[in-house]
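Report on the following structure.
The values are calculated or read from the model by the stated rules, or taken from the named source; none is laboratory data. Fair warning: this is a prediction, and the values are worked out from it, not measured in the lab. Here Cβ is always computed from backbone atoms with ideal geometry, including for glycine, and neighbour counts include all displayed protein chains. The accessibility values were calculated without ligands, DNA or RNA, using every heavy atom of the protein model including side chains. Shrake-Rupley method; radii C 1.70, N 1.55, O 1.52, S 1.80 Å.
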Amino acid sequence: MSQPKSRLARQHHNAVLRQNIVADLYKQGYNYREIREEVMNRLGIAKYSLKTVHDDIKALLAEWREMRQLDIDELQQLE
């Protein structure tokens, strides 16, 4: 049973690494294809689909929106 847990942990770790790179490149204005190539080069992976790039960016935007909303809520409470 420890095998699936370690595999899931590894997948999560890889996704976090990937999304950190994607976030940095997306903020710099890279397009999806450029992000894909750069992530593949930096992480040394052979496959990284444009759909996964899209999904990573979508997840990051949702996370950023949520963090922004929490910041706004906190500021409103301080007022």
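Kindly indicate the residue of segment 26-40 that is within 23 Å of ARG10 (Cβ to Cβ) and either aliphatic (A, V, I, L, M) or not in a helix (DSSP H, G or I) (or both) and also most open to solvent (accessible area, probe 1.4 Å) among those meeting that condition. Looking at the filtered set, the residue picked out is MET40.
Among the residues of segment 41-61 satisfying the criterion of being part of a helix (DSSP H, G or I) and over 14 Å from the mean Cα position of the chain (by Cα), which is nearest to ASN14 (Cα to Cα)? Residue satisfying both the conditions and the ranking: ARG42.
Scanning segment 14-39 for residues that are of a type outside the set (A, V, I, L, M) and within 11 Å of the chain's Cα centre (by Cα) returns ASN14, ARG18, GLN19, ASN20, ASP24, TYR26. On inspection, ARG10 does not qualify as at pLDDT 95 or above and open to solvent by 70 Å² or more (accessible area, probe 1.4 Å). Kindly check whether there is at least one residue in segment 62-78 that is aromatic (Phe, Trp, Tyr), surrounded by 10 or more Cβ atoms within 10 Å (Cβ to Cβ) and outside any helix (DSSP H, G or I). There is no residue in segment 62-78 that is aromatic (Phe, Trp, Tyr), surrounded by 10 or more Cβ atoms within 10 Å (Cβ to Cβ) and outside any helix (DSSP H, G or I). Only one entry in TYR26, TYR30 is aromatic (Phe, Trp, Tyr) and free of Cβ contacts under 8 Å to residues at least 12 places away in the same chain, namely TYR30.
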